[in-house]
Amino acid sequence: MSAQKTIKAPRPLIAGNWKMNGTPADLKQIRALIAKLSGKSRYACDTMICPPATLLAPMAELRAKMKASRQLALGGQDCHANASGAHTGDISADMLKQAKASAVILGHSERRSDHGETDKIVKAKVEAALKAGLSAIICVGESLKERKSGDTLKVVGKQLRGSLPDGCTSANTVIAYEPVWAIGSGLTPTTEQVAQVHLALRKALVRRFGDEGSNMRILYGGSVKPSNAQELMAVPHVNGALVGGASLKANDFLGILAAYKQ
Ligand code: PEP
């Protein structure tokens, strides 16, 4: 008998990133989503919504009222590397935690481009998130220019090395591969291209974190929709999705969750 260990695929996660969208009027989307998640439909994945910080507490309240804290996790979209202080407009990891977030997206390409976030800054934020007891969803991805010049694996490998601190485990860290050119564009890489990047990320995670790296979830993100979710989620080492635009409406998001319907 072979002594090789069989590693079970990690439980997938479908996380919605609402970005700078949503007011209390949109809580009805969460009500509709929770109603389905708590109903007869069963999905073999974890589900999370990362709203703007202003909606974390109202969403948490609604979730509690609907007795659905197991069905729907909540996450922030960014946090500061410091625990508190003179950082106007920023939010700390502990503030997110106290508003009932269990995770935070870090290093999203929009933060990297709009706010000049480097791998070093992302790593410091990840450390702050883990210290506060949040999981980190760490985004990596190449630009179109980098894809065209054949540098994709080099770019995402460097981001992964530079953005992850040493304390990452499969319980506190999720990687999201998001090609920048696929975000909000309606374009997606081929399944072969997704498979190539996810395999490279998996190998890099295993090299650095051993068994923890085998079990870390690697999400795909970039124009995931109900019409392409099943195909993308079937790619080896794709353990779920980070969804932008299609997470804003409960029906679209549920159409993506259908890829994991039991
Ligand atoms: C995102 O910004 O994380 C994202 C994946 O966006 P979209 O699904 O809209 O492409």
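Looking at this structure, is Val180 over 24 Å from Ser102 (Cα atoms) and in contact with a Lys or Arg (Cβ under 9 Å, 6 or more places away or on another chain)? So Val180 passes the test.
Condition check ((1) within 16 Å of the ligand (Cβ to nearest atom); (2) within 30 Å of Asp119 (Cα to Cα)) across all residues:
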site	(1), (2)
Arg11	no, yes
Asn17	yes, yes
Leu37	no, no
Pro52	yes, yes
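Restricting the search to the stretch 13-26, which residues are more than 17 Å from Val104 (Cα to Cα) and either of a type outside the set (Asp, Glu) or under 17 Å from the mean Cα position of the chain (by Cα) (or both)? Matches in the stretch 13-26: Gly22, Thr23, Pro24, Ala25. Only one of the numbered conditions (1) modelled with pLDDT under 95; (2) surrounded by 18 or more Cβ atoms within 10 Å (Cβ to Cβ) is violated by Ser69, and that is (2).
Total residues in the stretch 114-152 satisfying the condition of being of a type in the set (Gly, Ala, Ser), touching a residue at least 40 places away in the same chain (Cβ under 8 Å) and within 18 Å of Trp181 (Cα to Cα): the figure is 1. Just to be sure, is Ser92 among the polar types (S, T, N, Q), away from the ligand (no atom under 16 Å from the Cβ), surrounded by 20 or more Cβ atoms within 10 Å (Cβ to Cβ) and at pLDDT 95 or above? So Ser92 passes the test. Is it the case, given these coordinates, that Leu254 is under 26 Å from Lys123 (Cα atoms) and either modelled with pLDDT of 95 or more or more than 16 Å from the ligand (Cβ to nearest atom) (or both)? So Leu254 fails the test.
Any residue that is at pLDDT below 95, closer than 28 Å to Ser170 by Cβ and out of contact with any helix residue (DSSP H, G or I) (no Cβ under 7 Å at 6 or more places or on another chain) - is there at least one of those in the stretch 41-58? Yes, the conditions are met somewhere in the stretch 41-58. Restricted to the stretch 190-250, the set of helices (runs of 4 or more DSSP H) holding at least 1 residues that are more than 16 Å from the ligand (Cβ to nearest atom), touching an Asp or Glu at 6+ places or on another chain (Cβ under 9 Å) and at pLDDT 95 or above comprises 191-209.
Could you please find all residues in the stretch 39-66 being among the charged types (D, E, K, R) and buried (at least 17 other Cβ atoms within 10 Å of the Cβ)? Full working, then the answer.
Applying the first criterion (among the charged types (D, E, K, R)) to the stretch 39-66 yields 40, 42, 46, 61, 63, 65.
Once the filter is applied, which keeps residues that are among the charged types (D, E, K, R) and buried (at least 17 other Cβ atoms within 10 Å of the Cβ), the stretch 39-66 yields Asp46, Arg63.
Go through the stretch 161-189 and give me each residue that's within 16 Å of the ligand (Cβ to nearest atom) and without any contact (Cβ under 8 Å) to a residue 60 or more places away in the chain. Spell out the reasoning first.
Pass one, the stretch 161-189, residues within 16 Å of the ligand (Cβ to nearest atom): 163, 174-189.
Within the stretch 161-189, Ser163, Ile175, Tyr177, Pro179, Trp181, Ala182, Ser185, Gly186, Leu187, Thr188, Pro189 qualify.
Taken over the stretch 112-171, the criterion of being surrounded by fewer than 16 Cβ atoms within 10 Å (Cβ to Cβ) and among the polar types (S, T, N, Q) is satisfied by Ser113, Thr118, Ser149, Thr169.
The values are calculated or read from the model by the stated rules, or taken from the named source; none is laboratory data. As the structure is a computational prediction, the values presented were derived from the model and not from experiment. Heads up, the Cβs are rebuilt from the backbone with ideal geometry, glycines too, and the neighbour counts pull from every protein chain shown.
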